[in-house]
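Student: Would you mind keeping the following structure in view while I ask a few things?
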Amino acid sequence: MSTTEIDRQWTTRLRKRVAGKLPPEKLLPDTQPTYVSSWIYVFGVTTLAALGVVIATGCLLAIRGPQWWHTSSVGHFVNSMHLWSVEIFFFAMVIHLWGKYFMAAWRGGRALTWMTGVVTFLTSIATAFTGYVSQSNFDSQWISTQAKDGINSTGAGAFWNVLNLGQMLMWHIVLLPLAAVVLTVLHVLLVRVKGVVPPFEKTTEVAQ
Amino acid sequence: MTKAFRPDVDAPEWKGGYSPYDIVKEGIIAVVIVSILTVLLSVAFGSPDDPSITIKAWSTNAPMDFATTALSELNGTSGSAGYGAPYNNASTGQQLGPLRLAKWVGDRIPVNTVNDFIIDPLKSLPKQPALTADLSQWSSASVSARAGWVKNYSQAANKMQIVSGQLVVNATNAGPLPVMMADLFQMARTGALDQALVTQNGFYTSDYTLPLLFLADGTYLSNIAQKQHLTGDQWGMMNETGNYPGQAWLWLYTFWYQVTPMNSSGNGDILVWGIMMVLSAGLLLTPFIPGLRSIPRKTRVYRLIWREHYRSLP
């Protein structure tokens with residue numbers, strides 16, 4: 001096989017493209033620009049850490065099935081950890097989002113990074129909502145019967161039935177977390193590729 | 001010719017210094033701290049788990065509410081009976097201007113409140129001579145005969161009573177309905193109706209559409225929710241039972257339900273969804289919306305975020 005033929009392979013081209021866009025020193029950097037020194041930067045990694053704890057506690061709940069936490073004190077405690085990690089996750093994510101807004105973090109070709117972040121936020125809301133309606137207790141009865149009217153009014157309720165526990169549970173533990181994780185990975189990789197947005201230049205403050 | 005620098009779109013190239021950054025260490029420390037915080041919050045506050053409401057509990061604790069709701073399912077005046085899509089075509093449903101989204105999609109989750117909530121559950125009962133005869137009479141009757149019975153039963157139901165745990169309606173010319181509705185009432189109080197409503201599609205099921213619609217048509221569920229501050233006018237969508245933060249991130253969605261005309265319009269839900277769709281699109285497309293993307297630069301909040309950087313500048 002000639003070198004030219006190897007270079008034309010999809011695998012070779014993909015590897016070169018990935019290596020060009022995201023060399024190891026960008027993927028796992030050991031330095032950062034000096035302007036990255038504010039407490040606000042903590043909330044991005046806190047969101048990621050909380051997502052990890054959310055997934056871990058969700059997996060623990062999955063081991064014994066959806067009814068376990070109603071009948072076991074251990075199960076109830078795991079459910080509590082799942083709940084509070086979700087609260088931390090959203091708290092950190094919302095601060096991260098506002099922080100990035102006030103940094104205008106889409107500048108310098110980072111619009112896709114911003115957009116994947118927003119879609120991840122919206123996907124996370126849907127993921128949390130399906131969790132609330134999958135609890136199989138009074139909360140899930142009330143929230144699902146209230147939420148159905150909003151979703152039905154859009155026409156989506158015909159396909160996405162919030163009163164169908166099985167459908168909501170599947171979306172909560174498979175489809176939406178998968179989407180949220182894929183989006184998060186994409187978002188983080190884009191941050192690594194483009195780097196953290198630099199500050200506004202002093203001269204641009206009064207421009208336009 | 002070089003393109004002009006747009007401060008809300010372009011970013012200056014960083015020509016300053018770099019400092020050491022241990023991303024792996026930072027990540028691991030974050031996981032440890034979040035894990036500890038999660039455990040502490042769980043130990044301190046736990047999580048709510050109020051048991052679900054059963055139709056058995058509803059018909060026992062609020063028998064008149066159950067009986068009048070069952071009547072409304074029979075005579076087509078319940079919320080579910082007149083809902084429209086996706087359950088039936090009894091009404092147009094909500095619309096956003098000329099857009100009738102729900103109606104266009106159609107009744108893809110068909111619910112017939114008479115058959116699904118009353119007749120089919122009664123058919124699942126062990127054979128009882130009187131009930132079997134009454135169900136047979138109902139199924140063989142004409143549409144007009146059934147309508148006449150329902151009308152006469154509904155009128156007499158104004159004086160509905162619960163006597164010794166039995167539903168009593170002294171209706172005349174109501175055909176099989178007095179026996180059928182009394183049996184449905186007994187079925188509810190034994191818990192058999194809970195089971196019958198979820199097993200209509202077979203032994204294994206995870207679809208609670210029917211019992212939840214039935215429950216939501218009554219006032220028992222909403223009265224309990226109101227005591228827990230969960231109703232729509234109490235910012236209920238974002239709350240949960242007990243003193244827990246709930247889905248606080250839904251505050252903006254819930255906010256619109258407190259505002260006129262959404263809090264009183266028959267199209268309130270689709271109006272709120274329309275607003276949230278526009279706002280979500282705005283958030284998503286912020287980098288491309290002039291004015292919105294300039295707010296960060298003009299408000300200068302970033303001076304606080306990067307204060308050390310600006311302090312270091314000459």
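FYI, it's all coordinate maths here, none of it is from the lab. All values derive from a computational prediction rather than experimental measurement. Here the Cβ is made from the backbone with ideal geometry for all residues, glycine too, and neighbour counts use every protein chain on show.
Student: Just to be sure I understand the filter: pairs with C-beta atoms under 6 Å, separated by 6 or more residues or on different chains, first member in the stretch B:125-148 and part of a helix (DSSP H, G or I), second member among the β-branched types (Val, Ile, Thr). Which pairs pass?
Tutor: These pairs meet every condition: B:130/B:179; B:134/B:179.
Student: Considering the stretch A:26-41 alone, what residues qualify as being outside any loop (DSSP other than H, G, I, E, B) and surrounded by 16 or more Cβ atoms within 10 Å (Cβ to Cβ)? Full working, then the answer.
Tutor: First, the residues of the stretch A:26-41 that are outside any loop (DSSP other than H, G, I, E, B): A:26-27, A:31-33, A:39-41.
A:32, A:33, A:40, A:41 - these are the residues of the stretch A:26-41 that are outside any loop (DSSP other than H, G, I, E, B) and surrounded by 16 or more Cβ atoms within 10 Å (Cβ to Cβ).
Student: May I pose another question? Is it the case that residue B:175 is in a loop (DSSP other than H, G, I, E, B) and surrounded by 19 or more Cβ atoms within 10 Å (Cβ to Cβ)?
Tutor: Criteria met by residue B:175.
Student: At least 3 residues that are in contact with a Leu (Cβ under 7 Å, 6 or more places away or on another chain) and without any contact (Cβ under 8 Å) to a residue 24 or more places away in the chain in each: list the helices (runs of 4 or more DSSP H) lying fully within the stretch A:136-208 that qualify. It would help to see each step written out before you state the result.
Tutor: Working: elements: A:138-153, A:165-170, A:176-194.
Counting at least 3 such residues, we get A:138-153.
Student: Is it fair to say residue B:294 is in contact with a Pro (Cβ under 9 Å, 6 or more places away or on another chain) and closer than 30 Å to residue B:9 by Cβ?
Tutor: Details: in contact with a Pro (Cβ under 9 Å, 6 or more places away or on another chain): yes; closer than 30 Å to residue B:9 by Cβ: yes.
Against the criterion (in contact with a Pro (Cβ under 9 Å, 6 or more places away or on another chain) and closer than 30 Å to residue B:9 by Cβ), residue B:294 qualifies.
For every residue, the table says whether it meets (1) touching a helix residue (DSSP H, G or I) at 6+ places or on another chain (Cβ under 8 Å); (2) part of a loop (DSSP other than H, G, I, E, B).
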{"residue": "B:181", "(1), (2)": "yes, no"}
{"residue": "B:193", "(1), (2)": "yes, no"}
{"residue": "B:197", "(1), (2)": "yes, no"}
{"residue": "B:200", "(1), (2)": "yes, yes"}
{"residue": "B:203", "(1), (2)": "no, yes"}
{"residue": "B:211", "(1), (2)": "yes, no"}
{"residue": "B:226", "(1), (2)": "yes, no"}
{"residue": "B:229", "(1), (2)": "yes, yes"}
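Student: Continuing with this model, one more query. Does the stretch B:90-137 hold any residues that are at positive phi and touching a helix residue (DSSP H, G or I) at 6+ places or on another chain (Cβ under 8 Å), and which are they? Reasoning before the result, please.
Tutor: Of the residues in the stretch B:90-137, the ones at positive phi are B:93, B:97, B:106.
Listed by number, the residues that qualify are B:93, B:106.
Student: Another question, then. Identify the single condition in (1) touching a residue at least 60 places away in the same chain (Cβ under 8 Å); (2) surrounded by fewer than 19 Cβ atoms within 10 Å (Cβ to Cβ) that residue B:233 does not satisfy, given that it satisfies every other one.
Tutor: With (1) touching a residue at least 60 places away in the same chain (Cβ under 8 Å); (2) surrounded by fewer than 19 Cβ atoms within 10 Å (Cβ to Cβ) applied to residue B:233, the lone miss is (1).
Student: Which members of the stretch A:107-133 meet the condition of being part of a loop (DSSP other than H, G, I, E, B) and touching a residue at least 40 places away in the same chain (Cβ under 8 Å)? Spell out how you get there, then give the answer.
Tutor: First, pick out the residues of the stretch A:107-133 that are part of a loop (DSSP other than H, G, I, E, B): A:107-110, A:133.
Hits for the stretch A:107-133 are A:107, A:108, A:109, A:110.
Student: Still on this structure, I have one more. Scan the stretch A:92-123 residue by residue and report those that are out of contact with any Pro (no Cβ under 7 Å at 6 or more places or on another chain) and among the aliphatic types (A, V, I, L, M).
Tutor: Within the stretch A:92-123, A:92, A:93, A:94, A:95, A:97, A:105, A:112, A:115, A:118, A:119, A:122 qualify.
Student: Same structure again: Search the stretch B:149-161 for residues being touching a residue at least 40 places away in the same chain (Cβ under 8 Å) and assigned to a helix (DSSP H, G or I), and hand back the single one that is surrounded by the fewest Cβ atoms within 10 Å (Cβ to Cβ). Lay out the reasoning, then the answer.
Tutor: So in the stretch B:149-161, the residues touching a residue at least 40 places away in the same chain (Cβ under 8 Å) come out as B:150-151, B:153-154, B:157, B:160.
Next cut, assigned to a helix (DSSP H, G or I) only: B:150-151, B:153-154, B:157.
On the way: B:150: 18, B:151: 13, B:153: 24, B:154: 19, B:157: 24.
Filtering the stretch B:149-161 for residues that are touching a residue at least 40 places away in the same chain (Cβ under 8 Å) and assigned to a helix (DSSP H, G or I), the one surrounded by the fewest Cβ atoms within 10 Å (Cβ to Cβ) comes out as B:151.
Student: Turning to a different aspect of this structure: So if I check each of B:264, B:294, which one is over 17 Å from the mean Cα position of the chain (by Cα), over 26 Å from residue A:119 (Cα atoms) and polar (S, T, N, Q)?
Tutor: So the residue among B:264, B:294 that is over 17 Å from the mean Cα position of the chain (by Cα), over 26 Å from residue A:119 (Cα atoms) and polar (S, T, N, Q) is B:264.
Student: Hey, can you tell me all the residues within the stretch B:45-91 that are under 20 Å from residue A:163 (Cα atoms), in contact (Cβ under 8 Å) with a residue 24 or more places away in the chain and either in contact with a Pro (Cβ under 6 Å, 6 or more places away or on another chain) or among the acidic types (Asp, Glu) (or both)?
Tutor: B:50, B:73
Student: Can you pull out every residue in the stretch B:25-41 that is at the interface with chain A (Cβ under 7 Å from one of its Cβ atoms) and either outside any helix (DSSP H, G or I) or of a type in the set (A, V, I, L, M) (or both)?
Tutor: B:30, B:31, B:34, B:37, B:39, B:41
Student: Looking at the stretch A:43-55, can you tell me whether even one residue there is within 12 Å of chain B (Cβ to nearest Cβ), buried (at least 19 other Cβ atoms within 10 Å of the Cβ) and over 23 Å from residue B:249 (Cα atoms)?
Tutor: Looking for residues that are within 12 Å of chain B (Cβ to nearest Cβ), buried (at least 19 other Cβ atoms within 10 Å of the Cβ) and over 23 Å from residue B:249 (Cα atoms), one finds none in the stretch A:43-55, hence no.
Student: Here are some residues: B:11, B:81, B:44. Which one is small (Gly, Ala, Ser), assigned to a loop (DSSP other than H, G, I, E, B) and within 10 Å of chain A (Cβ to nearest Cβ)? Before the answer, list the steps.
Tutor: Working: B:81 fails: within 10 Å of chain A (Cβ to nearest Cβ); B:44 fails: assigned to a loop (DSSP other than H, G, I, E, B).
Every option except B:11 fails the conditions.
Student: In the stretch B:88-122, which residues are surrounded by 15 or more Cβ atoms within 10 Å (Cβ to Cβ) and assigned to a strand (DSSP E or B)?
Tutor: B:96
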